[in-house]
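The values are calculated or read from the model by the stated rules, or taken from the named source; none is laboratory data. Computed from a predicted model, the values in this text were never measured in an experiment. Quick reminder, even Gly has a Cβ in these numbers, built from the backbone with ideal geometry, and neighbours come from all protein chains shown.
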Amino acid sequence: MSQPPFEYRTVDMTDEEFADEQAVYGGLTQALRRLGEVSLRTIVDHDTVIAATRQVEELTARLEAEMIPGNFGVVVTTSGHVRGYGNAVVGMRNPIAPPLKIVQDRVKGGARSEFFLNALYEGPPGKVHGGVLALVLDQIFGEAAAAGGTPGMTGTLTLRYRRPTALGACSAEAWVASAAGIKTIVKGWLKDADGEVTVEAEGLFILPRWAREQLAASGETPPQYE
């Protein structure tokens with residue numbers, strides 16, 4: 001039998017411990033996100049920058065005194081919470097993540113999000129980098145497929161950039177257009193702060209072999225959409 005290329009770990013954690021972790025580590029990551037933007041935009045004198053650099057290095061040394069090996073992965077708590085903290089789009093402990101708060105629609109098979117992309121995500125002057133938009137849409141499309149009961153890995157993701165997307169407030173929505181067997185087609189768009197569609201996209205998501213084998217063993221079959 002095929003095995004997934006990753007491992008979901010389980011930890012014993014109560015709801016109270018989870019909430020405390022969210023507050024403490026979420027606060028640290030939010031401070032780091034702010035620091036990242038400030039380090040890009042600051043114009044203080046060089047001596048101040050040098051002194052700040054030393055302080056950042058000291059803080060880094062304190063935090064790296066005890067670390068998990070390698071990547072974070074996905075960890076599920078015994079109380080039912082999913083800790084995908086390392087995800088580059090939604091990871092609570094990943095300072096490069098915007099992060100997005102994605103709302104799934106499990107009735108219709110879809111997902112949506114409203115988010116803010118600051119100066120750290122710039123491509124052309126004042127506009128969001130096209131690769132960042134692809135990253136964001138890939139995550140939202142994947143969650144739409146999962147919400148529709150047909151999760152899978154990205155096979156293809158085709159984007160049409162209709163116009164540049166200004167830095168700032170954005171929104172995105174995706175929905176399952178069709179699903180048959182192991183293949184799911186997801187469609188969607190991304191809008192700027194004015195509500196104008198700046199990117200249209202379509203993705204093909206494929207249920208991997210190891211997941212198919214697990215479904216077959218359990219007697220389940222993916223839902224069909226037309």
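Some points to look at:
- Inspection of region 51-61 finds no residue satisfying the criterion of being in contact (Cβ under 8 Å) with a residue 24 or more places away in the chain and polar (S, T, N, Q).
- Among the candidates A134, A111, A146, residue that is of a type in the set (A, V, I, L, M, F, W, C), modelled with pLDDT of 95 or more and not in a strand (DSSP E or B): A134
- The combined condition, being surrounded by 13 or more Cβ atoms within 10 Å (Cβ to Cβ), within 26 Å of the chain's Cα centre (by Cα) and either part of a helix (DSSP H, G or I) or basic (K, R) (or both), is fulfilled by L35.
- The listed residues are I102, I68, and the only one of them that is buried (at least 18 other Cβ atoms within 10 Å of the Cβ), free of Cβ contacts under 8 Å to residues at least 60 places away in the same chain and under 27 Å from D15 (Cα atoms) turns out to be I102.
- Test for L32: is it aliphatic (A, V, I, L, M), out of contact with any strand residue (DSSP E or B) (no Cβ under 9 Å at 6 or more places or on another chain), over 24 Å from E143 (Cα atoms) and in contact (Cβ under 8 Å) with a residue 60 or more places away in the chain: yes
- Residues (hydrophobic (A, V, I, L, M, F, W, C) and closer than 13 Å to C170 by Cβ) located in region 117-140: L117, V128, V132, L133, L135, V136, L137, I140
- Taking every residue in region 9-29 that is at negative phi and pairing it with any residue that is part of a helix (DSSP H, G or I) and surrounded by 14 or more Cβ atoms within 10 Å (Cβ to Cβ), at least 6 positions away or on another chain, the pairs with Cβ-Cβ distances below 9 Å are M13/E21.
- Contacts under 8 angstrom Cβ, first residue in region 115-135 being at negative phi, partner part of a helix (DSSP H, G or I) and of a type in the set (G, A, S), 6 or more apart: L120/G36; G123/G130; G123/G131
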